[in-house]
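Colleague: Handing you this structure, nothing more for now.
What follows is calculated from the coordinates using simple rules that are stated; it is not laboratory data. Just so it is clear, the model here is predicted, and its values are computed rather than measured. Cβ coordinates were reconstructed from backbone atoms using ideal geometry, including for glycine residues, and neighbour counts include every protein chain displayed.
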Amino acid sequence: MLGCSPFNSDCVAVCGDDKVWIIDFARSEGCNHKVLWRWQADNSVKGLSEEYVNRLRTIDECKVVDNNRKMLITSSSGCCVLIDIATKEVLFYATARNAHSAELLPEGRIAVALSVHNSGLGNALELYDISQPDKCLYRDSLYSGHGVVWNAKRNSLFALGYQELREYKLKDWQSDSPSLERVATWTLPINEGHDLSAVDDDRMLISGYEGVIWFDITTEEFSPFEPLKDVKDVKSVNLDPKTERLIFTKGEESWWTHHVYQKNPDRVIQLDNAHLYKARPLTF
C-alpha cells in the first residue's frame, strides 16, 4: 500500500467502543469528519473469533505501525490485535485483560501494557510474538500500565505506569525465550499517568489527570508542557516537532471523550456516538 496510500500527514487514527477510524483532519470539522478507513470488531472480520469480537468491545488505543501498513489495537475488555490495513485481516491476537497500550518491537514481538489498578489482579507488562497468538513470552509487574513506546535510537522500550516511567532493554531476543530487562525507573511528578508518546529520539510527552509533562531522555528530567498547562485529564497527546501540530484528547464525560483536538491550526472533530480515549497521528 506504500506509494498508493490514501493517507497523508494530516491523518489521525481514532478509536471508540469497538471501532477504529483513520480520519483526514485537514478535511474535517466538528461532526463533519472525512473518514478514509474504518474497521469494526464484528463477526465479519476474517480471522477473528466470537470470543475476540467480544473482547474488543472497549478499544482504548489504536496505533498505526510498520510504515502505516498495520494497525495495533488494544481493548480494556481483554484483547490486543494487529490488523493489516490494506486487507483488514487479523494478523495477531492475544487475550490480555485490561490491555491498554501496545507497541510493535523488532522481529515481530509485541509489548502490551495492562491497566489494572489492583496489584492483586495481576497488573503487568507482557511480551508476545506475532507467530504465537495468546502465548505470553514474558511478564513484568507494572501498576496500571497506560503507555508503551519503542525508541529505535536507544534500542529501548519505555513503559508508563500510574506513577512511574520505566526503560527496558531487549534480552535473549534471538532465543525461544525473549524477555525485557528493566534498566531504569523514574518517579513521575504527576499522578495518574494516562499516555506516553514519542516526540523525537530524545523527548517524550506524558499526560495525566494533572496535565502534561515533558521527559528528556538524555538528561532524565521532567518539565511542564506549556501548550497544555491549563488542560486537565489529558488522555492522549501527540506533537510533531517540525510543524508544532498538536493532537490531544481529554476527559469530558467521566472517563471518556467525544472530541479530538488539534492545535496549530486549531480544529476539533466530534464523534457523538463513540466513547473515545486516544488518538494517534500517522507517521511520515
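Colleague: If the convex hull of the alpha-carbon atoms of region 119-239 is projected onto planes in all directions, what is the mean projected area in square nanometres?
Modeller: The Cα convex hull of region 119-239, projected and averaged over all directions, gives 8.1 nm².
Colleague: Among SER156, ILE23, ALA274, pick out the residue whose Cα is farthest towards the positive end of the charge dipole of region 11-281, where Lys and Arg carry +1 and Asp and Glu carry -1 on C-beta, about the Cα centre.
Modeller: Most positive-ward Cα: ILE23.
Colleague: VAL35: net charge of surrounding residues, Cβ under 11 Å, Lys/Arg +1, Asp/Glu -1, itself excluded?
Modeller: Around VAL35, the charge tally is +3.
Colleague: In deg cm²/dmol, rounded to 500, what helix-only [θ] at 222 nm does the chain give when every DSSP H run of at least 4 residues adds -39500 (n - 2.57) and the total is split over its residues?
Modeller: So the calculated ellipticity at 222 nm is -500 deg cm²/dmol.
Colleague: Using Cα springs under 10 Å in a Gaussian network model of the chain, which residue among ASP66, ASP84, ASP140 shows the largest mean-square fluctuation?
Modeller: Highest fluctuation of the listed residues: ASP66.
Colleague: Ranked from highest to lowest mean number of other Cβ atoms within 10 Å per residue, what is the order of the peptides 42-50, 10-18?
Modeller: 10-18, 42-50
Colleague: Now, a different point. Based on the alpha-carbon gyration tensor of region 75-165 and its eigenvalue square roots a ≥ b ≥ c, which shape applies: rounded if a/c is under 1.5, prolate if not and a/b is larger than b/c, or oblate?
Modeller: oblate
Colleague: If we sort 255-263, 193-201 on the protection proxy, mean other Cβ atoms within 10 Å, highest first, what's the order?
Modeller: 193-201, 255-263
Colleague: Farthest toward the dipole's positive end in region 11-281, which of SER177, HIS146, ILE130, given Cβ charges of +1 (Lys, Arg) and -1 (Asp, Glu) about the Cα centre?
Modeller: Final value for the positive-end residue is ILE130.
Colleague: OK, next. Please find, in a Gaussian network model of the chain (springs between Cα atoms separated by less than 10 Å), the residue of CYS62, CYS31, CYS80 whose mean-square fluctuation is greatest.
Modeller: Between CYS62, CYS31, CYS80, it is CYS31 that shows the largest mean-square fluctuation.
Colleague: Beyond a 18 Å Cα-Cα separation, which of these cross-linked pairs lie in this structure: LYS70/LYS250; LYS19/LYS63; LYS63/LYS169; LYS135/LYS278; LYS88/LYS135; LYS19/LYS46?
Modeller: Details: LYS70/LYS250 26 Å; LYS19/LYS63 13 Å; LYS63/LYS169 21 Å; LYS135/LYS278 27 Å; LYS88/LYS135 23 Å; LYS19/LYS46 15 Å.
The answer is LYS70/LYS250; LYS63/LYS169; LYS135/LYS278; LYS88/LYS135.
Colleague: Report the Cα centroid-to-centroid distance between region 152-198 and region 25-77 in angstrom, as an integer.
Modeller: 25
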